[in-house]
Amino acid sequence: MIYFLCTATHAATNDHSLKQLDTDQTIRQLYHNLNSKPISNLSQRIILISAQFIGTPYELSPLGESTQDQYDQFPLYRTDAFDCVTFVETVLALTLATNPKEFKQYMNQIRYKNGHVSFIDRNHFPDLDWNKNNQIQGIVRDITKTFKNTQHQPVFKLAEAYIDKRAWYQHFFPEKIRMQKANPIEQKKRLKKLKQLGKQLKGQMSLLPYIPLSVLFDKNGQANMSLFNQIPDATIIEIVRPNWDVTQKIGTHMNISHIGFAIWKNNTLFFRAANSEYSRVTDIPLVDYLRNTLKSPTIKGINVQIVLPKSNNRTTNVLKS
């Protein structure tokens, strides 16, 4: 994704082939452990798999399109470091798949439109690309509009933002081109080509339902637990900033700045996410996390999505074909 609080871009500097080998070994071991005591419940599978990565280092924008791509040659998948988006994507792929081969296929389906691996087709923008494409595939479903107050009335609002992809591409710097071997001249050539491709894109209005902080908390900062208790276990939580103006930095407005999982433990709801503030994957009580955002002038609420079982998603058919 594009400009989450948890993401950024930087030049490729590491030996990705070694990281890939380590990742493959980690994934094989994880499935070996899972298969030794299978868990059929999807939520429990998400909880168990995501827990394996608590404490894993946070890294800005750790994934790309691998060495076959012209623009971003970072690995297609890793488990040794995450940002908030790649953490959710990796856990989802591991959860829905049953073996390493399926995992790789699910990663591509989750991260790219129609599973086509390319920078252009990557789900860069959360509400415009990631949510929409994964909802179409039947991987996730937005349930934000189903939350109701004690009078049984819906509490959601709609965030609106004009996502200007064309302007976003024109804000790219040479560092956006991440190559295995540094070559400033080639880097500039590829950047120019990427910007030309971006000029063909059109802007689009994004509408995103969210539960306002103003109904999740009263004026004294006390949590409305009747609403928090409606959040199912192992759901995806997105932090919503309606029409967030980051045009000076990236050329466009946005609606979302962070993403993670809602996990219930001992009657407490936690926000499990790759967190830049703590430099690792953490569990933080969701009420505490959101209460701390009340002072933010731009954070206004949360979007909630459930993960659907394999029998409901179209990706399963794609993997079989």
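The values are calculated or read from the model by the stated rules, or taken from the named source; none is laboratory data. This structure is a prediction, so every number in the text was calculated from the model and none was measured. Note that we place each Cβ from the backbone using ideal geometry, even for glycine, and neighbour counts take in every protein chain shown. The accessibility values were calculated without ligands, DNA or RNA, using every heavy atom of the protein model including side chains. Shrake-Rupley method; radii C 1.70, N 1.55, O 1.52, S 1.80 Å.
Of all the numbered requirements in (1) assigned to a helix (DSSP H, G or I); (2) open to solvent by less than 70 Å² (accessible area, probe 1.4 Å); (3) out of contact with any Pro (no Cβ under 9 Å at 6 or more places or on another chain), Q187 misses one, and that requirement is (3).
Checked against the criterion of being surrounded by fewer than 17 Cβ atoms within 10 Å (Cβ to Cβ) and touching a helix residue (DSSP H, G or I) at 6+ places or on another chain (Cβ under 9 Å), the candidates L269, L197 yield just one match: L197. Close Cβ contacts (under 7 Å, 6 or more residues apart or on different chains) running from residues in the range 288-299 that are surrounded by 12 or more Cβ atoms within 10 Å (Cβ to Cβ) to residues that are in a loop (DSSP other than H, G, I, E, B) comprise R291/G221; T293/I299; L294/G221. Taken over the range 265-287, the criterion of being closer than 19 Å to I211 by Cα and aromatic (F, W, Y) is satisfied by F270, F271. If you take the residues of the range 137-148 that are in a loop (DSSP other than H, G, I, E, B) and not aromatic (F, W, Y), which of them is farthest from F87 (Cα to Cα)? If we take residues in the range 137-148 being in a loop (DSSP other than H, G, I, E, B) and not aromatic (F, W, Y), then I143 is farthest from F87 (Cα to Cα).
Within the range 22-37, residues that are over 15 Å from T98 (Cβ atoms) reach partners that are assigned to a helix (DSSP H, G or I) with beta carbons closer than 8 Å, at six or more positions or on different chains, in the pairs D24/P100.
Looking across P62, P38, one residue alone is farther than 18 Å from I306 by Cα and surrounded by fewer than 19 Cβ atoms within 10 Å (Cβ to Cβ). It is P38. Restrict the check to the range 230-252 and report whether at least one residue is open to solvent by 50 Å² or more (accessible area, probe 1.4 Å) and in contact with a Leu (Cβ under 7 Å, 6 or more places away or on another chain). Within the range 230-252 (the criterion being open to solvent by 50 Å² or more (accessible area, probe 1.4 Å) and in contact with a Leu (Cβ under 7 Å, 6 or more places away or on another chain)), the answer is no, since none of the residues qualifies. Here F172 meets each of (1) surrounded by 13 or more Cβ atoms within 10 Å (Cβ to Cβ); (2) in contact (Cβ under 8 Å) with a residue 60 or more places away in the chain; (3) in contact with a helix residue (DSSP H, G or I) (Cβ under 8 Å, 6 or more places away or on another chain) with one exception, condition (2).
For first residues located in the range 63-91 and basic (K, R), partners that are part of a loop (DSSP other than H, G, I, E, B) and lie 6+ apart or on another chain with Cβ distances below 7 Å form the pairs R78/P62; R78/L63.
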